[in-house]
Each structure stands twice: as C-alpha cells, then as structure tokens.
Amino acid sequence: MSRVVIIGGGISGLSTAYYLAKAGVASTILESRPRLGGVIQTEHVDGCTIEAGPDSFISVKPAAMELIGELGLTGDVIGSNDHLRKTYIRKNGRLVPMPDGLMMMVPTKILPLLTTGLLSWGTKLRMGMELFHAPKLKPGDESVAEFIEEHYGAEAVDYLAEPLLSGIYGGNPRDMSVTSVLPRFVELANQYGSLTRGVLAQRAKARSNSTPAPLFRTLKGGLGQMIDAITEAIRGKAEVRQVRAQTVERAGAGFRIKTDGDWLETDRLVVACEAHSASALLPGVDARLAELLGTVPYSSSMTVALGFDAAGFQPPPNGHGFLVPKKERRRLLGCTWVGTKFPYRVPEDKIVARCFLGGMEDAGVLAESDDAIVATVTSELREIAGVTATPRFARVFRWRRSMAQYPVGHPQRLAEMEERTRSIPGLSLAGNAYQGIGIPDCIRMGRQAALRSGAQA
Ligand SMILES: Cc1cc2nc3c(=O)[nH]c(=O)nc-3n(C[C@H](O)[C@H](O)[C@H](O)COP(=O)(O)OP(=O)(O)OC[C@H]3O[C@@H](n4cnc5c(N)ncnc54)[C@H](O)[C@@H]3O)c2cc1C
C-alpha cells in the first residue's frame, strides 16, 4: 500500500499524521510554509510567551486534552485564570464590565444583570422574561443575530454576541449560521424554550458530576509545544516535504498530486488545508466538491503583541481584556492582557497586550505596514484603556484567509460536501471549514481522517 498523503501541516493535518503513525501507517505531509503548525505559532520575546495565532483551547471539547495526554504533555497544561476573568465591553466610549454569570450571551445570575451598565432596562427586562419562552421546534437554519435577538433583543446582539463572535470568528452574527456556530444553544432552546433555563439546567447537571474545569486550557510554553511534540512523535513515520501541492488528479483507483517539481501517487489522500486552497486543488477529482469548497468564506485576521515594562504601565491592566463592538469600533476588535489571562506567560515586571484586528469587514488592515499598525494599536489602546506607556517590543502577525466562516446554510453545504467526499474512495477532508474552527474540533477531524485512511480505532 502507498503512503497516505496529507496536504497541509496545520493542526488538522498533523493530527491525522499522528494518529496514522500511532497505528503504524506511514504518511507524507505536504506543507507549503517553511514550518509546521499552520496558524499555531509561538515566539518567546523578552521572557514573554507570545502566541501569534491561537492562545488556548476550550476545555469542554475533549480531543485536544486527549492528544496532549498521548504526547506526554499533561504536566504542562495550564488553565485560564478564571478567578480574574472579567471582560470589558466598550460602550459609549467607556469600558463596562460584562455582567458576572454570562455564558457567552446567556445570563445566569439575576443581580449582576440588574446592576450592569452595559444593557438598558428594556433589554434587562427582556432577558428576565426570556425564562418564560416555550419550546418551539424551528425547521432550518437562521442567523446568530436572529436567534439571539429573538431570545434577548437587539442590544444583546450589538453589545454581547457581535463583539464576542467577532473576537472568535472575525465575522458578523447577521451572516453566521446559528446551527453551526452555537449548536448547543440551539439544542437547549429546542428542549427548554428558554436558553437561560437550558444553560442553568446543564450547569446544575455538570456541577453534580464533577469539579468545574477552567474555561480554557493551554500549555505553559505556548501551543507551539504541542506542534513540536507531534513533530517529534511522527519522526521516522511521517515524511514532511516543504512543497506546495498544485493540483490533484485521479489515477486508477487513487490520486496523483502535482507538487513543485514532482508527481506523487497515493491511494489515500487527506486534504487538510484551507477550503479555498482545497477548492483550487480538487476540480480534477470532483468538480462539484471543488465548487462547494470554494464557497466557504474565510476571514483574514491580525494579532499584534505589544510588550511593556510593568513599572511604567498606568493604570494596571484590569481583567482578561476588552472587546470593542462594531458600533464603537474603529480598527481594534479587542485586546487580551496575556499575563492576567494565563499564568507563566509574562514575567511580573512585564505586561503584554495581545490585540486583534481584521475580520470580514476589515481585511484591508493586513495590507498596512507594521509601523502603521503599531501606531494605530498604540493610539486606540490609549483612547480605550488609558495606556500611555511606550511599548518595549511589538510583534505583528498576519493571517490571510485563515479563519473559515459558517454562514446561514452551512449545515446543508457541509452535508453535500461530506456526501461527495464519502463517495470518493480514499479521499478525506479535515480542517476548520467543516465541523468547527477550534483546535479540539480540528484535532477530532484529523483523527477521523486518519481512521478513514487506515488507522484502527
Ligand atoms: C489569529 C487566530 C486566533 C485563533 N485563536 C484560537 C483559539 O484561541 N482557540 C482555538 O481553539 N482556535 C483558535 N483559532 C482557530 C484555530 O487555531 C484554527 O481553526 C486551526 O488551528 C486551523 O488548523 P488547520 O490545520 O485546519 O488549518 P491551518 O492552521 O490554516 O493549516 C493549513 C495548512 O495548510 C497549508 N497549505 C494550504 N494550501 C496548501 C497547499 N496547496 N499545499 C501544501 N500546503 C498547503 C497552509 O500553509 C497551512 O499551514 C484561531 C485562529 C486564528 C487565525
């Protein structure tokens, strides 16, 4: 049997290679960048751990912790500092804390909701009355904004859903599919009618089962540690070629892949790159599949890490950071105070602000020079959070068309893509365009692709 060929060496492709290697199946990874990891990239600057892309993963989805356990890194796992978890939202030019007890945009505590300055009395009343929503099964998909507005009103969309989801997807809740982006909330609404009642019931169940886990987890030395450990674990079992796959054709019962100067043949192919890249590769394999892949929108984003001396930083950072809703936004989508959110990342005498820009509505920011970006971020940090200190270092990272979006109708498109893929023996897809954009989802899809390509369960 030929080696499995994996196109894309991000976490999806690397997870595939890992689970294949574990089962004794050889693979070849084709990766066009000079390093593995895709958008996962960690740098160490001035004693600070800087994440260029993702900084953590959500605890409730198990695939990341399972892989980390197998890699022998459990001892290096750290949780988010949830006791310091306060996130601020800019409203009318001021930073207002999100009320305590919010689960994304679902309120679970009455008093903080009543006293918050973030929402008007009309919205507070509406959120309280939501408890009396009766279950009603809705056929089909709708947008996140429609769904949240029906439960909690338009202000909850503008000042909770929009900034929270812009920070994660870089997209607009008016376009996003609620079935794909908030599947658990849809299930709870179907079952309980009231989202608040559903979340409270779930929480009560979870509490009686176990001690609460931190919301997010990561690795002491940064997520790059996971990439290094996978690279080490697959050494000798997976061959890594630093080439760009240019096209894929059918060859007998398998495939042939054109790389920079070569053709490679295989009977099992895992396409684990961005959907727009997969779309350009696959017309010769299945024209309709390639067309569907080409319709998955992607946002471009940018992270900017600014490092300061703590001594000159006034006022000291408060909480995990802040988000800027579209209604109040110029360029900055949000900012995380890295040293507050996670232990081990920033020494006590330093402060690191990790800022987010870009998204579906500001891809143009990626074309600006590093100097212009740093000037913009510095000026907005001064205006929004009163930061007057001068950064000691700055790092700018651009992620062009890296974050898949799930617009309304994504579940139907996904079903058709999966059906077509299943009908082509030896072909698998993995990556953030399909069943979840988070790291645990990508690892789960990578493992599924490995199983489909010959690894045993
Ligand atoms: C800025 C940012 C912050 C994020 N934060 C979080 C977070 O905190 N937590 C979380 O869970 N998720 C987060 N995400 C999402 C998550 O990190 C990604 O969805 C996930 O890492 C994607 O992995 P992937 O392997 O599917 O894709 P990628 O990492 O994009 O990897 C795809 C790889 O395929 C390669 N490739 C493409 N075309 C070809 C070709 N033709 N030939 C060869 N190679 C090719 C690319 O070079 C790339 O390396 C974040 C994403 C971004 C961009």
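The values are calculated or read from the model by the stated rules, or taken from the named source; none is laboratory data. Note that this is a predicted model, so its numbers are computed, not measured. We place every Cβ from the backbone using ideal geometry, glycine too, and count neighbours over all the protein chains shown. SASA here: full protein model, heavy atoms, side chains in, ligands and nucleic acids out. Shrake-Rupley method; radii C 1.70, N 1.55, O 1.52, S 1.80 Å.
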Starting from segment 40-148, pick out the chymotrypsin sites (Phe, Trp or Tyr not before Pro) whose DSSP state is loop and whose Cβ has at most 15 other Cβ atoms within 10 Å.
none
Rounded to the nearest 20 Debye, what is the dipole magnitude of segment 185-309 about its Cα centre when Lys and Arg each give +1 and Asp and Glu each give -1 at the C-beta?
660 debye
Where does helix 195-209 land angle-wise versus the long Cα axis of the chain, in degrees 0 to 90, nearest 10?
70 degrees
Relative contact order, percent, of the chain when contacts are C-alpha pairs under 8 Å separated by at least 6 residues?
26 percent
Restricted to the chain, the DSSP antiparallel beta bridge percent, nearest 5, is 75 percent
Mind grabbing the base-10 log of I(q)/I(0) for segment 1-74 at q = 0.11 Å⁻¹? Debye formula, identical points on the C-alpha positions, no solvent, two decimal places.
-0.35
For the chain, the longest principal axis of the Cα atoms and the Cα long axis of helix 370-385 enclose an angle in degrees, to the nearest 10, of 30 degrees
Length gain on complete extension for the stretch Thr74 to Arg35, per 0.36 nm per residue less the alpha carbon to alpha carbon distance?
11.6 nm
Any idea which of His276, Gln242, Thr218 is furthest toward the positive side of the dipole for segment 210-284, if Lys and Arg beta-carbons carry +1 and Asp and Glu beta-carbons -1?
Thr218
Let me know the volume per residue of the alpha-carbon convex hull for segment 195-313, in Å³.
296 Å³
Unit Cα scatterers, Debye sum, segment 292-363: log10 I(q)/I(0) for q = 0.12 Å⁻¹
-0.42
For a quick check: with amide H placed at 1.01 Å from N, whose amide H comes under 5 Å from His133's, ignoring anything fewer than 5 positions away on the same chain?
Ser194
Candidate lysines - alpha carbon under 29 Å from Lys136, same-chain residues fewer than 8 apart omitted:
Lys61, Lys109, Lys124, Lys205
Could you name the aspartates and glutamates in cross-link range of Lys91, using Cα to Cα under 15 Å and dropping any fewer than eight places away on the same chain?
Glu155, Asp158, Glu162, Glu328, Glu380, Glu383
Please give the per residue volume of the convex hull enclosing the alpha carbon atoms of segment 406-457, rounded to a whole number of Å³.
68 Å³
Sparse-neighbour loop sites [chymotrypsin sites (Phe, Trp or Tyr not before Pro); segment 204-306; at most 13 other C-beta within 10 Å; DSSP]
none
Accessible carbon and sulfur surface of the chain relative to its total accessible area, %, 1.4 Å:
53 percent
Asp349-His83 FRET efficiency (beta carbon distance; Förster radius 22 Å; 0.05 resolution):
0.50
With Cα atoms, 0 to 90° folded angle of helix 224-234 axis to the chain main axis:
20 degrees
Estimated FRET transfer efficiency (Glu265, Trp121; beta-carbon r; R0 60 Å; 0.05):
0.35
Given a 1.4 Å probe, the accessible area of segment 1-109 per residue, as a whole number of Å², is 38 Å²
Unit charges at the beta carbon, dipole of the chain: most positive-side option, Leu71, Ser12, Ser2
Leu71
Any idea what the dipole of segment 1-54 comes to, in debye rounded to 20, about its Cα centre with Lys/Arg Cβ at +1 and Asp/Glu Cβ at -1?
340 debye
Ratio Rg/Rh, restricted to the chain and using Cα atoms, in which Rh is the Kirkwood radius:
0.97
Please report, in whole Å, how far the alpha carbons of segment 96-163 spread along each principal axis, starting with the longest.
36, 25, 20
Please compute the per residue accessible area over segment 202-251 with all protein chains in place, 1.4 Å probe, rounded to a whole number of Å².
59 Å²
Taking a cut-off of 21 Å between Cα atoms, list the lysines near Lys350, but don't count ones fewer than 8 places away on the same chain.
Lys86, Lys220, Lys341
How large is the charge dipole for the chain, taken about the Cα centre, if only the Cβ atoms of Lys, Arg (+1) and Asp, Glu (-1) carry charge, to the nearest 20 debye?
660 debye
Please state, to two decimals, what the Cα-based radius of gyration of segment 110-232 comes to when divided by 2.2 N^0.38 Å (N = residues).
1.28
Using a 1.4 Å probe, what is the accessible area per residue for segment 403-457, in Å²?
39 Å²
Contour minus end-to-end for Thr247 and Leu137, with contour as 0.36 nm per residue of separation and end-to-end as the Cα-Cα distance?
35.2 nm
Could you work out the mean projected area of the convex hull around the alpha carbons of segment 1-142, in square nanometres to one decimal?
15.7 nm²
In nanometres, what is the gap between the two model label sites at Lys220 and Glu232, each 7 Å from Cα along Cα-to-Cβ?
1.3 nm
Fully extended contour minus Cα-Cα distance, from Ala287 to Glu187, at 0.36 nm per residue
32.6 nm
